[in-house]
Structure formats: C-alpha cells, structure tokens
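All remarks here apply to the structure that follows.
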Amino acid sequence: MTQIGFVGLGHMGNPMVRNLLKAGFSVTVFDVVPDAIHLLEKEGAIGATSLAEVAKNADVIFTMLQTGEQVKEACLKENGLFAHAKQNALYIDSSSIEIATTHELHAEAKRKGIAMLDAPVSGGVAGAAAATLTLMVGGSDEHYLRAKPILEKLGKKIVHAGPGGHGQAAKICNNLILGISMIAVCEGFNLGMKLGLDPKKFFEISANASGQCWSMTSYCPVPGLVEKAPSNFDYKPGFMAKMMLKDLHLAQHAAESSGANIPLGVQAAEMYSLFVNEGNGEVDFSGIIKMIGEEPSRDR
C-alpha cells in the first residue's frame, strides 16, 4: 500500500486527507494544531508528532500550507521533511506560494534525490470536500504520471501545466482573474440594486448573458441565488479574504519580476487590503460585497 504523509490540516488539507483515506491510502498527518491531527485520527489517519515522523516512511508527501515561508520551513529545516524523506520519495506541494520559492524547493529536492511536483488547487473547501478540485501541476512528465492516480482521488481535473513552477504560475494567474471578477460581480449587483433591479431578476439575466462568469454563477456574492455559495452562510469560508489578498500579492510580485502589466490586479489588491484591514481577513472573499455596498466615506 502507498504510504502518504500529509502536512497542513486546515480548511483544505482536512478534506483532502479524508478523500485519500476514503480511497484506501494509509495517511500519516501532522499540523502545528494538535486538534487538527486528532480530528483526522478519528477518521483513520495516523497522527504524527513531528515532520520527521511524517517523512520517514512515506512514499508520497503532501504539504498544504498558507505561505512560502511555512513550506520552506517544513521542507528545509534540519528536522524537516527533506532531511528525513526516503530516496525517490514523491513530494507534492499543494500550497499557493511564490514561484521563486517553488523553484528553490524543486532544486533542493533534486539535490536530495526527492521527486517533486508543485500542484496547487482551485475549487475551495467545497471542491476539496467533494473531490472535485482542479489541480494544476508543475514538474517532469515522469513525476506527473507517477502522481496522477493519487491526484485523481482529490480532483476532477488534473492538468500538467509544464515544468517545475508552472503549476504555481497557473494558480497565480487563475486567482488574479478570480479576484478581479468577484469585485466586478459585486459592483454589478450593487449598481443594479441602487437602480432598483431585483437581484434575482438581474442574476437570471446576467447568468445567461455576457456578464456570466464563475464568480456569478457558482459563487454568487448575493445571498439566496446560488445554493451552496458562502453568501448563504454569512460568508463563512470558502476561501478566506486574507488568502485572496495573499494570492493577489503573489500576482503583483510575479508581474514585477516578469515585466507584466496588471493594473486591475493592483486595484483589486488595494480593495482586498482595505477589506482585510477592516477585520475581515477570515471572512469569505465574496464578502467584499458588503464593503462595496457601503456608502462612500470621506476617509476612503
């Protein structure tokens, strides 16, 4: 049986581990929050007390963490994953982090004799729970083919984006579009309601017209229009606003390093920064409609 190690058991990691367990894999788990480990032990996972314990017997190791610094610390510190991984173990990072950090990890993994893929995901908590994520994968053909049967237990669409780092590049570009489009949908609904449009009528029109997009039809920020959208649950994430802000900052850094121009991405980052700084970091990112719907103040 393939032995899997999994580090990072938060909103995304927890349901991903559950799906690996349902698929029949043996999964050893670790998180800095002990309760997160205990929850999955009840589902059949093996709890670990250290990164070394996760790595030492694993054929495949996943990380699903929030920042590049967290991933580097988990992998590269003296008692980290790379120091204890088996030769030719397969390491898959599903975090959304800086491309430069990903390249650094790929280089170190190669030096250590570890196969690596960067495989960030799209689909949010609901997609993780339903195993309908889209996974965008960077790395060699050989490593991708080795990982694909496992990744297929986590998502419905697995795409080999190219060599190492291309998974992260795809995720950054995708979430740049997502952040901008969510703001556009919020502004459209806000203006429509100010003009007296019934939001249900506007949804019926725009969802079937040229304004149609994922933020409209799958994740509508107005309550009562899309059944499973976080807007119906007081904007419980979902995908936290602080994570969207992080990804928009990643897009800015990538644009600066590559010479790309992303003026709407810069504006979106400024708006999400304001939303997060008002205490909404752990609100779903679609909750920004509440800020957009406010009357303008002289302080803004």
- Near residue 114, within a Cβ-to-Cβ distance under 14 Å, what is the net charge of the other residues, with Lys and Arg +1 and Asp and Glu -1? 0
- Note on the chain: contact order normalised by length, alpha-carbon pairs under 8 Å, 6 or more apart, percent, works out to 12
- Along its principal axes, what span do the Cα atoms of region 105-148 show, with the longest given first and each in whole Å? 37, 19, 12
- Size of the dipole of the chain about the Cα centre, Lys and Arg at +1 and Asp and Glu at -1 on the beta carbon, nothing else charged, in debye to 20? 640
- Item | Solvent-free Debye scattering, log10 I(q)/I(0), computed from the Cα coordinates of region 49-183 at q = 0.09, 0.18, 0.21 Å⁻¹ | -0.24, -0.97, -1.29
- Taking Cα atoms, how many degrees apart are the long axis of helix 141-151 and the longest axis of the chain, rounded to 10 and kept between 0 and 90? 70
- Task: Rank-order 154-160, 15-21 by packing density, defined as the average count of other C-beta atoms within 10 Å over each peptide's residues, highest first.
- Result: 15-21, 154-160
- Note to self: C-alpha centroids of region 11-62 and region 240-300 sit apart, in Å, by 32
- Item | Net charge of neighbours whose Cβ lies under 12 Å from the Cβ of residue 246, counting Lys and Arg as +1 and Asp and Glu as -1 | -1
- Task: Starting with the fewest neighbours, write out 69, 98, 142 ranked by other beta-carbon atoms found within 10 Å of each beta-carbon.
- Result: 142, 69, 98
- Task: Round to the nearest 10 and give me the degree value, 0 to 90, for the angle of helix 13-22's Cα axis relative to the longest principal axis of the chain.
- Result: 60
- Could you work out how far helix 263-275 tilts from the main Cα principal axis of the chain, as a 0 to 90 degree angle to the nearest 10? 90
- Query: What base-10 log of the normalised intensity I(q)/I(0) is obtained for region 169-292 from the Debye formula, alpha carbons as equal point scatterers, at q = 0.15, 0.19 Å⁻¹?
  - Reply: -0.66, -1.01
- Task: Enumerate the lysines that residue 242 could reach by cross-link, defined here as Cα to Cα under 18 Å, with residues fewer than 8 away along the same chain left out.
- Result: 171, 290
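Per DSSP H run of at least 4 residues, take -39500 (n - 2.57); add these up for the chain, divide by its residues and hand me the 222 nm value, nearest 500 deg cm²/dmol.
That comes out to -14500 deg cm²/dmol.
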- By counting other Cβ atoms within 10 Å of each Cβ, how are 217, 132 ranked from fewest to most? 132, 217
- Quick one: net charge of residue 97's neighbours, Cβ under 11 Å, K/R +1, D/E -1? -3
- Which distance in Å, rounded to a whole number, links the C-alpha centroids of region 135-171 and region 172-229? 30
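Each reported figure results from applying straightforward, stated rules to the coordinates on display, with no laboratory input. Keep in mind it's a predicted model, so treat the numbers as computed, not measured. Note: ideal-geometry Cβ built from the backbone for every residue, glycine included; neighbour counts use all protein chains shown.
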